[in-house]
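These notes concern the structure reproduced below.
The values are calculated or read from the model by the stated rules, or taken from the named source; none is laboratory data. What you see is a predicted model, and the numbers here were worked out from it, not measured in a lab. Here the Cβ positions follow ideal geometry from the backbone for every residue, glycine too, while neighbour counts run over all protein chains shown.
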Amino acid sequence: MSEGAGRGSTSAARARLLDTATKIFYAEGIHSVGVDRIIAEAQVTRATLYRHFTGKEELVLAYLDQADRGIRAGIEAARAGERSAADAVRAVARFITGGIQSPGFRGCAFLNAAAEYPDAAHPIHQAVLAHRQWFLEAVTELLAQVGDEPAEGAGTSSCSATAPWRRAASRIRSRSPRPSSWASRGSSACARPEPPTPRTAPAHSLRASRDGVSGIPSGRRPSGPPRHTTIGTGLSVKT
């Protein structure tokens, strides 16, 4: 076999390992998958795995690096085809939405990895933080190009740092085919909320239930939709 053919075979084996690991890590999680499973599904030997990666941790870092490069390329491609900054924001939003709506989507690969590696000093968590920082800076820069006028009272409010985001969102809404009621939303993003009106709890709400003292009468539950807690850009979980 020639030297060139050997390099090609090596590259193909590494790509097969990484593609297999990417598919399994994303679908099933990282800690739940061992290297034996990856070796078997990639149809390589253990020696081949350790020829390309020092261990599972380096394979996980390669998986996240591949995801990072894919997202960067996708956002850059979305921005490149638009003439205005507002259109570029919409294009990036469509790119992100398309990923969320794609078959097999199970959340952000980086948030999933951070949940499995919560130690901020761990190399995998550090890779997540690096990606998130890049994403924050990229979106902030893009939105600042939409709302580039000086903010009213800039520097006099604790919300001045968010002014480019709010101005950009207002401009994009005003240029989108939406009902006029949208234009008024977000205008008081920094306004101090009114304190809730105190209400006296009914006597029965403080009685002891089987589970202890409760603000809800025994056998009843609050009505209305479940609350959601945001865990990342465009993602939320029920609480």
**OP:** Report yes if some residue within segment 92-102 is within 22 Å of LEU18 (Cβ to Cβ) and not β-branched (Val, Ile, Thr); otherwise report no.
**Re:** yes
**OP:** Give the residue, chosen from GLU41, GLU116, GLU141, GLU57, that is more than 28 Å from SER11 (Cα to Cα), surrounded by 14 or more Cβ atoms within 10 Å (Cβ to Cβ), out of contact with any Cys (no Cβ under 6 Å at 6 or more places or on another chain) and of a type in the set (D, E, K, R).
**Re:** GLU116
Original post:
Looking at (1) in contact with a helix residue (DSSP H, G or I) (Cβ under 7 Å, 6 or more places away or on another chain); (2) modelled with pLDDT under 70; (3) not in a loop (DSSP other than H, G, I, E, B), which is the one condition that is false for ALA169?
Top reply: (1)
Original post:
Before we move on, is ALA21 of a type in the set (Gly, Ala, Ser), modelled with pLDDT of 95 or more and buried (at least 18 other Cβ atoms within 10 Å of the Cβ)?
Top reply: yes
Original post:
Under the condition of being under 19 Å from TRP134 (Cα atoms) and aromatic (Phe, Trp, Tyr), which residue from segment 60-110 is surrounded by the fewest Cβ atoms within 10 Å (Cβ to Cβ)?
Top reply: PHE95
**OP:** Collect the residues in segment 91-112 that are part of a helix (DSSP H, G or I) and not polar (S, T, N, Q), keeping them in residue-number order.
**Re:** ALA91, VAL92, ALA93, ARG94, PHE95, ILE96, GLY98, GLY99, ILE100, ALA109, PHE110, LEU111
Original post:
Are any residues in segment 61-118 free of Cβ contacts under 8 Å to residues at least 12 places away in the same chain, among the polar types (S, T, N, Q) and closer than 15 Å to ALA27 by Cα, and if so, which ones?
Top reply: SER102
